[in-house]
Amino acid sequence: MQRIHLPTLSARYWAALCLASIFGANMGDFFARDVGLGHLAGLPFLALALVVVVVSERFDRSIHQVYYWTAVIIVRTGATNFADFACGDLKLPRPFVIAGLAAILAVAVFASWQFAWRQTSGKGGDTTLRADLGYWISMFIAGSLGTVIGDYCSHDLRLGDGGASLLLVPVLALLFATARNGLLRSLPYYWMTIVAVRAAGTTAGDFVAGRNMLGLPLSTLVTGALFVALLAMWNEPAASKVVHADT
């Protein structure tokens, strides 16, 4: 993606990503259950939507982040359905899937290491992502891994969605707290945090979508509205605004 469409690694980015994880978890379940596509049938449509977003982005020279965040939601939705397909439909043991996805993510991140990070020359030396093919593959794998970890805590550990959220949210908060010295600009720490965000987002999304809470359709609508509202109201200057279009 062009730099003019990418966010900087700021508090706004991580807050939006947390909401995107909750919203994406609800979207995945909504597509699979309420729309009736199932866990597998909807994946080609999501892949096509991602291709349309990525291709359209290359021809747009206006400065905004709509393409990036739309792609994040599409990938999060697909990751939810893929994880549910592997562990639900195929009934693969969650520890086995977690180990496999963790190994694949490590290979994917290593393979795209030098292409996935960019230090800008903007004020403050802001850091933006190089959201290329390797990045989106890694984001999909990390999203699937986080989903399975969240479900493992909820179901295999029998904590329930609320109990798993109480376990995973403090873990995520600890990762953020210990990253104040710049660790989030380290690729291994970045991807570990992405997985933790997705795991906590999965359990939180399932919790608010529960029968005793908002229910899935309303939860999807509410979390989506909160996600859009956060991005619209917290409109921080991005490093991408000080440079020309760049792929």
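Here are a few things to note about the model shown:
- Residues that are of a type in the set (Gly, Ala, Ser) and touching a Phe, Trp or Tyr at 6+ places or on another chain (Cβ under 7 Å), drawn from segment 174-202: Ala179
- Residue within segment 43-52 that is farther than 20 Å from Val197 by Cα and either in contact with a Ser or Thr (Cβ under 8 Å, 6 or more places away or on another chain) or among the charged types (D, E, K, R) (or both) present: yes
- Just one of the listed residues (Ala47, Ala16) is open to solvent by less than 40 Å² (accessible area, probe 1.4 Å) and at pLDDT 90 or above, and it is Ala16.
- From Asp34, Asp60, Asp29, residue being of a type in the set (Asp, Glu) and surrounded by 17 or more Cβ atoms within 10 Å (Cβ to Cβ): Asp29
- Filter result for Val107 (modelled with pLDDT of 95 or more and either open to solvent by less than 50 Å² (accessible area, probe 1.4 Å) or not basic (Lys, Arg) (or both)): no
- Subset of segment 133-150 [in contact with a Ser or Thr (Cβ under 7 Å, 6 or more places away or on another chain) and either open to solvent by 10 Å² or more (accessible area, probe 1.4 Å) or modelled with pLDDT under 95 (or both)]: Gly134, Tyr135, Ser138
- Among the residues of segment 1-26, those that are farther than 14 Å from Trp69 by Cα and part of a helix (DSSP H, G or I) comprise Ala11, Ala25, Asn26.
- Of the residues Arg198, Arg211, Arg185, the single one that is at pLDDT 90 or above and among the basic types (Lys, Arg) is Arg198.
- Candidate set from segment 196-221 (those that are open to solvent by less than 10 Å² (accessible area, probe 1.4 Å) and not aliphatic (A, V, I, L, M)); member that is nearest to the chain's Cα centre (by Cα): Arg198
- Contacts under 7 angstrom Cβ, first residue in segment 49-70 being at negative phi and among the hydroxyl-bearing types (Ser, Thr, Tyr), partner assigned to a loop (DSSP other than H, G, I, E, B) and surrounded by 13 or more Cβ atoms within 10 Å (Cβ to Cβ), 6 or more apart: Tyr67/Met1; Tyr68/Met1; Tyr68/Leu6; Tyr68/Pro7; Tyr68/Ala131
- Meets criteria (modelled with pLDDT of 95 or more, in contact with an Asp or Glu (Cβ under 8 Å, 6 or more places away or on another chain) and of a type in the set (Gly, Ala, Ser)) for Ala79: no
The values are calculated or read from the model by the stated rules, or taken from the named source; none is laboratory data. Because the structure is a prediction, the values reported are computed rather than measured. Glycine also receives a Cβ, built like all others from the backbone with ideal geometry; neighbour counts cover every protein chain displayed. Protein only, heavy atoms only, side chains kept; ligands, DNA and RNA dropped before computing areas. Shrake-Rupley method; radii C 1.70, N 1.55, O 1.52, S 1.80 Å.
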